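Chemist: I'd like to ask you about the structure that follows.
Please treat every number below as a calculation from the coordinates, not as lab data. Computed from a predicted model, the values in this text were never measured in an experiment. Heads up, the Cβs are rebuilt from the backbone with ideal geometry, glycines too, and the neighbour counts pull from every protein chain shown.
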């Protein structure tokens, strides 16, 4: 017997998801001219590298690099479902920011009836509580 449409959940192929993300990354790097910059740096070899290292040799740059490494380490440990949830949340946020009309209080209260909204609020509160417990 066929599955009901509302119970159907497509199966995601994680490899295809990663390939899509890598393709987007390469496209964005190319569009933003980062690949041109990296190629120029590699072509000029040690000369450009020594200038860059000399300019970057300061406490704020080292701290930034350490923070980036920590962030990338953390991002590598996150569950892909959580990352998709974050992506979906950011997408929904951009739609709201693009709207010129503000929701009414009644509309906001109606959205609170949604299980997804309540789950998101619970996650946000857990996040804030976690930050508060470590400070």
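Chemist: How big, in percent, is the set of alpha carbon pairs in segment 24-77 lying more than 19 Å apart? Could you put the intermediate results ahead of the total?
Modeler: Working: 764 of 1431 pairs.
Roughly 53 percent, once rounded to a whole number.
Chemist: R0 = 22 Å: FRET efficiency of residue 84 with residue 122, Cβ-based, nearest 0.05?
Modeler: Between residue 84 and residue 122 the formula returns 0.75.
Chemist: Quick one: if the Förster radius is 35 Å, what FRET efficiency do residue 61 and residue 91 give, using the C-beta to C-beta distance and rounding to 0.05?
Modeler: After rounding to 0.05, the efficiency reads 0.60.
Chemist: Report the Cα-based extents of segment 80-135 along its three principal axes, largest first, to the nearest Å.
Modeler: 38, 24, 22
Chemist: With each label point set 7 Å from Cα along the Cα-Cβ vector, what nm distance links residue 110 and residue 39?
Modeler: Output for this residue pair reads 5.3 nm.
Chemist: May I ask you to compute the full-extension gain from residue 29 to residue 101, defined as 0.36 nm times their residue separation minus their alpha-carbon distance, rounded to one decimal in nm?
Modeler: Computed gain between residue 29 and residue 101 is 22.5 nm.
Chemist: While we're looking at this one, here's another question. Summarise the long-distance tail of P(r) for the chain by giving the % of C-alpha pairs beyond 25 Å.
Modeler: Result: 57 percent of Cα pairs exceed 25 Å.
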